[in-house]
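One structure is given here, and the rest of the page talks about it.
What follows is calculated from the coordinates using simple rules that are stated; it is not laboratory data. No experiment lies behind these values; they were computed from the predicted model shown. In this analysis, Cβ positions are derived from the backbone assuming ideal geometry, glycine residues included, and neighbour counts consider all displayed protein chains.
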Amino acid sequence: MVLPKPSISNNEFLIWQLLIEERCGLYFRANKSEYLSSKLWQRTKLLGIETYNNYYNYIVFNPGGKQEWEKLIELLVVNETSFFRHSSSFDALANSIIPKLLKDTSKAKTPIKAWSAGCATGEEAYSIAMTLLDLSEAHNLEVIVLGTDISELVLEKARNGVYKPTVLKQIPPYYKEKYLDFVKEGVDYLYKIKSKVKSIVKFTKVNLNRLIDYSIPEQDIIFCQNVLIYFQHQQQIKLITELSQRLTLGGFLFLGPGEVVELKVEGLQKLAIDDCLIYQRIK
């Protein structure tokens, strides 16, 4: 007999709230208790663990807790994404930001480096790569794109680079034709990222709440969109500050419009581009 989902007590919610924020920066407000408990219940039911406290102890103290934590995080983070998700940002990248970089003579003989922070299943990283590749071919420039996420499970999907047609609704037909192959796998028809795109994109696990633990080279472009909504305001400022420190001087940080308010980070200057939230590192 399948037992009904137990309610989560205030104490149970608090210990989970603190653990999740401490480990990866994600903050669950009190009005998300039902959402959190439903995700915890998916795992406890499968493992045969009766209480949320016992599941907490399993995560924290059991030798298998590390692997279980990975599975839980994938459930907690909504990996909803698509190619060219915020089209205005990619228009700005192609028509404003790249031309600015090309005018910088110091970039003439160095690769253009871009980072998709919180890349989920890879659509954003590949969208950046397609945009940069198209322009780099015309100017004989090397491009390197980094995609990072906290979940190794979604990163495996990103490395695979195979997608259902439903997630390609926003991709411009030109890019779809040039950079993806239409393939059949079993009974499914799918789109596969071409090797010339995959060859310039590297995916690796990074916890944005612990950037100090990772050696990430300075980037010319950083996309961190639809990520900050999971963080409290002070944690948002901390992350944006740390991301800005990983920009080259003159580099650009793309955030999701509406994700942050009252943003003041030393060394960053907001660009006046409609329907975009882009900052340039000026010092």
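A few remarks follow.
- Kirkwood-based shape ratio for segment 10-76, expressed as Rg/Rh from alpha carbons: 0.91
- Applying the Kirkwood pairwise sum to the alpha-carbon positions of segment 240-283 produces a hydrodynamic radius of 10.6 angstrom.
- Segment 1-104: trypsin sites (Lys or Arg not before Pro) in DSSP loop, at most 11 other beta carbons within 10 Å: Arg29
- Dipole of segment 10-76 [Lys/Arg +1, Asp/Glu -1 at C-beta], most positive-end residue of Ile49, Tyr35, Cys24: Tyr35
- Other-chain or far-sequence residues with amide H under 5 Å of Thr81's (modelled H): none
- Those chymotrypsin sites (Phe, Trp or Tyr not before Pro) in segment 177-283 that DSSP places in a loop and that have at most 14 other beta carbons within 10 Å: Tyr214
- Ellipticity estimate at 222 nm from DSSP helix runs (n ≥ 4, -39,500 (n - 2.57)) divided over the chain, nearest 500: -12000 deg cm²/dmol
- Among the listed pairs Lys113/Lys270; Lys202/Lys270; Lys100/Lys169; Lys169/Lys198; Lys113/Lys198, those whose Cα-Cα separation exceeds 24 Å are Lys202/Lys270; Lys100/Lys169.
- Of all aspartates and glutamates in the structure, the ones whose alpha carbon falls short of 17 Å from that of Lys283, not counting any fewer than 8 places away in one chain, are Asp104, Glu218, Asp220, Glu242, Glu266.
- Only beta bridges with both residues in the chain are counted; by DSSP, about 45 percent of them are antiparallel.
- Label point at Gln170 placed 7 Å out along Cα→Cβ; residues across segment 124-139 whose backbone nitrogen lies under 20 Å: 124-134
- Based on alpha carbons, the Rg and Dmax found for segment 87-281 are 16.5, 53 Å.
- For segment 20-28, backbone phi angles converted through the Karplus equation (6.51, -1.76, 1.60; θ = phi - 60°) give residue-by-residue couplings of 5, 5, 5, 7, 9, x, 5, 10, 9 Hz, Gly and Pro being listed as x.
- Within the chain, longest stretch clear of exposed GluC sites (Glu not before Pro) (DSSP loop, no more than 15 other Cβ within 10 Å): 143-217
- For Phe223, the residues whose modelled amide H falls within less than 5 Å of its own, excluding neighbours fewer than 5 places apart on the same chain, are Trp115, Ser116, Ala117, Phe254.
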